[in-house]
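This report refers to the structure that appears directly beneath it.
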Amino acid sequence: MLRDSISLVVFGATGDLMARKILPSLFYLHKEKKLPDGFRVVGVSRRDITEEEFREKMRGAAGKFDEIARDKRLSGFLKSFYFVKGFFGDKYTYEDLKRVLAGHDHKIFFYLAVAPKFYKIVLQNIANAGLINSRTFLLIEKPIGFDLKSAKEVEKVLSK
């Protein structure tokens, strides 16, 4: 069991935000040795790809940054990437996610790199799967909601 490791679960992991912002940021933290031992990225997406294909997709995204593409540490970094295929509204997606996260004494950061219309369903399913505890954190891209009413709905779900 990994002691006090961190898993970053990225919903929408095959999207543009992951490729252009999250992946390079994480790599630079890795390069500077600012990520803890046992740090893992678990991508969640509806894409019908394998874990190895997810890693290759991330390698391709990293290839758009010359400095990262040339860095010999990239292959080792990508070994810490895992993948869960599923739909945000499907409870089995969260059961699979729970299995991937099982066996690690760690903090979990859920990063919602998805459109605001998916926040509520993802948050409810994370909670329903029993994945929320004192070592769980949520990262949400703004804007939160489409208007005041939808923002208040997301806020209500977050407060639970």
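The values are calculated or read from the model by the stated rules, or taken from the named source; none is laboratory data. Fair warning: this is a prediction, and the values are worked out from it, not measured in the lab. Cβ: placed from backbone, ideal geometry, glycine included. Neighbour counts: every protein chain shown. Heavy atoms of the whole protein, side chains included, go into the accessibility calculation; ligands, DNA and RNA do not. Shrake-Rupley method; radii C 1.70, N 1.55, O 1.52, S 1.80 Å.
Residue by residue, here is whether (1) aliphatic (A, V, I, L, M); (2) within 15 Å of the chain's Cα centre (by Cα); (3) over 23 Å from F39 (Cβ atoms) holds:
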{"site": "Y94", "(1), (2), (3)": "no, yes, no"}
{"site": "L101", "(1), (2), (3)": "yes, yes, no"}
{"site": "K107", "(1), (2), (3)": "no, yes, no"}
{"site": "A113", "(1), (2), (3)": "yes, yes, no"}
{"site": "V122", "(1), (2), (3)": "yes, yes, no"}
{"site": "S134", "(1), (2), (3)": "no, no, no"}
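Conditions: (1) within 19 Å of G89 (Cβ to Cβ); (2) free of Cβ contacts under 8 Å to residues at least 60 places away in the same chain; (3) open to solvent by 50 Å² or more (accessible area, probe 1.4 Å); (4) over 14 Å from the mean Cα position of the chain (by Cα). L138 meets all but one. Number of the miss?
(4)
Residue-by-condition table, conditions (1) charged (D, E, K, R); (2) open to solvent by 20 Å² or more (accessible area, probe 1.4 Å); (3) on the phi > 0 side of the Ramachandran plot; (4) assigned to a strand (DSSP E or B):
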{"site": "Y94", "(1), (2), (3), (4)": "no, no, no, no"}
{"site": "G103", "(1), (2), (3), (4)": "no, yes, yes, no"}
{"site": "K107", "(1), (2), (3), (4)": "yes, yes, no, yes"}
{"site": "Q124", "(1), (2), (3), (4)": "no, yes, no, no"}
{"site": "G130", "(1), (2), (3), (4)": "no, yes, yes, no"}
{"site": "I144", "(1), (2), (3), (4)": "no, yes, no, no"}
{"site": "K149", "(1), (2), (3), (4)": "yes, yes, no, no"}
{"site": "K152", "(1), (2), (3), (4)": "yes, yes, no, no"}
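Which one of the conditions (1) surrounded by fewer than 20 Cβ atoms within 10 Å (Cβ to Cβ); (2) hydroxyl-bearing (S, T, Y); (3) touching a residue at least 40 places away in the same chain (Cβ under 8 Å) does S45 fail to meet, given that it meets all the rest?
Result: S45 fails condition (1) only.
Considering only residues that are farther than 20 Å from K107 by Cβ and open to solvent by 50 Å² or more (accessible area, probe 1.4 Å), look in region 1-31 and name the one that is farthest from the chain's Cα centre (by Cα).
Here the answer is Y28.
Return a yes/no flag: does region 141-153 have any residue that is at pLDDT below 90, within 18 Å of L8 (Cβ to Cβ) and of a type outside the set (S, T, N, Q). Before the answer, list the steps.
If we filter region 141-153 for residues that are at pLDDT below 90, which is where we start, we get 141-153.
This time we only want the ones that are within 18 Å of L8 (Cβ to Cβ), so: 141.
Of the ones still in play, those that are also of a type outside the set (S, T, N, Q) are 141.
Yes: region 141-153 contains one or more residues that are at pLDDT below 90, within 18 Å of L8 (Cβ to Cβ) and of a type outside the set (S, T, N, Q).
Restricting attention to region 62-73, and to residues there that are out of contact with any Asp or Glu (no Cβ under 9 Å at 6 or more places or on another chain) and part of a helix (DSSP H, G or I), which single residue is surrounded by the most Cβ atoms within 10 Å (Cβ to Cβ)?
I68
State whether one or more residues within region 17-28 are in a loop (DSSP other than H, G, I, E, B) and of a type in the set (A, V, I, L, M). Working first, answer last.
To start, the set of residues in region 17-28 that are in a loop (DSSP other than H, G, I, E, B) comprises none.
Looking for residues that are in a loop (DSSP other than H, G, I, E, B) and of a type in the set (A, V, I, L, M), one finds none in region 17-28, hence no.
Return yes or no: is E56 modelled with pLDDT of 95 or more, more than 13 Å from the chain's Cα centre (by Cα), open to solvent by 70 Å² or more (accessible area, probe 1.4 Å) and over 23 Å from R135 (Cβ atoms)? Quick ask: steps written out before the conclusion?
On the way: modelled with pLDDT of 95 or more: yes; more than 13 Å from the chain's Cα centre (by Cα): yes; open to solvent by 70 Å² or more (accessible area, probe 1.4 Å): yes; over 23 Å from R135 (Cβ atoms): yes.
Yes; evaluated as a whole, the condition is true for this residue.
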